[in-house]
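The structure appears below as structure tokens.
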Amino acid sequence: MTRNVSEKEYCHENLGARFASAVSDYDTARRVATLIDEFLPDEAVAGKRALDVGCGLGFFSERLHQRGAVVTACDLGPGLVAEIAKRVPCTAIVADALALTDQFGRAEFDLVVSSECIEHTPSPLDALRQMAAVVKPGGYLAVSTPNIIWSPIVKAATALKLRPFDGYENFSSWRDIRSVLGECDIEIVREAGLHLFPFQLGLHGLSTWIDGNLQQLRGCMINICVLGRKKR
């Protein structure tokens, strides 16, 4: 059943060319490095069918392709999908993160990657459930999303017009992410937090060192990163 999609869900699409200038190269690189390069062994990527949900500007689709995956990139925004189709060798499809099983069917992909997508939907945990549903038994799900403890600060920055995003920003907790993955028969294999302080402050070398050496503080970090594997 087709749902009524809110205009707020098209915030990145509506930014157009401003989207690329609004994202942080450092933050994007850290998330790509964590979710794909650090979390995923070669045997989980090369030659595998991979779905990039909420593909945005295509950085994750591009890296998956570079590592040998057969990539399907999907996003709600048709303009974003069209741009990715031009620059990344992949199948690019307009799709709703809350209706992935309607679009693709169940247990279709060896690997699903989604970074900073679920929080931009009306129901992040339902989006996570949809991602889990399209993963094959034995396949992997790698997800990142902002930590709910940082939500007040981010919302204040948005209200002060310090950020150009005006769509949904429904952040999740570590507890909720773990709970939903467990409910979906996804066993957590790896966890990592990113950014103990906002990357906009600079000090990127220190931030990267903290990410690598102080993971006991990940409950306080800005980004939740999780790798799960579906039970066979």
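The values are calculated or read from the model by the stated rules, or taken from the named source; none is laboratory data. Quick caveat: nothing in here was measured; it's all calculated off a predicted structure. Every residue, glycine among them, receives a Cβ derived from its backbone with ideal geometry; neighbour counts consider all protein chains shown.
Couple of notes before you dig in:
Residues checked against (1) polar (S, T, N, Q); (2) more than 16 Å from the chain's Cα centre (by Cα); (3) closer than 30 Å to LEU203 by Cα; (4) buried (at least 16 other Cβ atoms within 10 Å of the Cβ):
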{"residue": "GLY16", "(1), (2), (3), (4)": "no, yes, yes, no"}
{"residue": "SER21", "(1), (2), (3), (4)": "yes, yes, yes, no"}
{"residue": "SER24", "(1), (2), (3), (4)": "yes, no, yes, no"}
{"residue": "HIS65", "(1), (2), (3), (4)": "no, yes, no, yes"}
{"residue": "ALA69", "(1), (2), (3), (4)": "no, yes, no, yes"}
{"residue": "ALA97", "(1), (2), (3), (4)": "no, no, no, yes"}
{"residue": "CYS117", "(1), (2), (3), (4)": "no, no, yes, yes"}
{"residue": "HIS120", "(1), (2), (3), (4)": "no, no, yes, yes"}
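- Long-range neighbours under 6 Å by Cβ, at least six apart or interchain, first residue touching a residue at least 40 places away in the same chain (Cβ under 8 Å) and farther than 17 Å from VAL135 by Cβ within the stretch 165-188, second hydroxyl-bearing (Ser, Thr, Tyr) and not in a loop (DSSP other than H, G, I, E, B): PHE171/SER151; SER172/THR145
- Matching residues in the stretch 51-80 - criterion: being free of Cβ contacts under 8 Å to residues at least 40 places away in the same chain, touching a strand residue (DSSP E or B) at 6+ places or on another chain (Cβ under 6 Å), hydrophobic (A, V, I, L, M, F, W, C) and within 20 Å of SER24 (Cα to Cα): CYS55
- Among residues of the stretch 135-156, those that are surrounded by 15 or more Cβ atoms within 10 Å (Cβ to Cβ) and among the small types (Gly, Ala, Ser), counted: 4
- Entirely in the stretch 34-131, the helices (runs of 4 or more DSSP H) that have 1 or more residues that are in contact with a helix residue (DSSP H, G or I) (Cβ under 8 Å, 6 or more places away or on another chain) and modelled with pLDDT under 95: 78-87
- Within the stretch 131-157, the set of residues being within 20 Å of ASN170 (Cβ to Cβ) and among the basic types (Lys, Arg) comprises LYS155 only.
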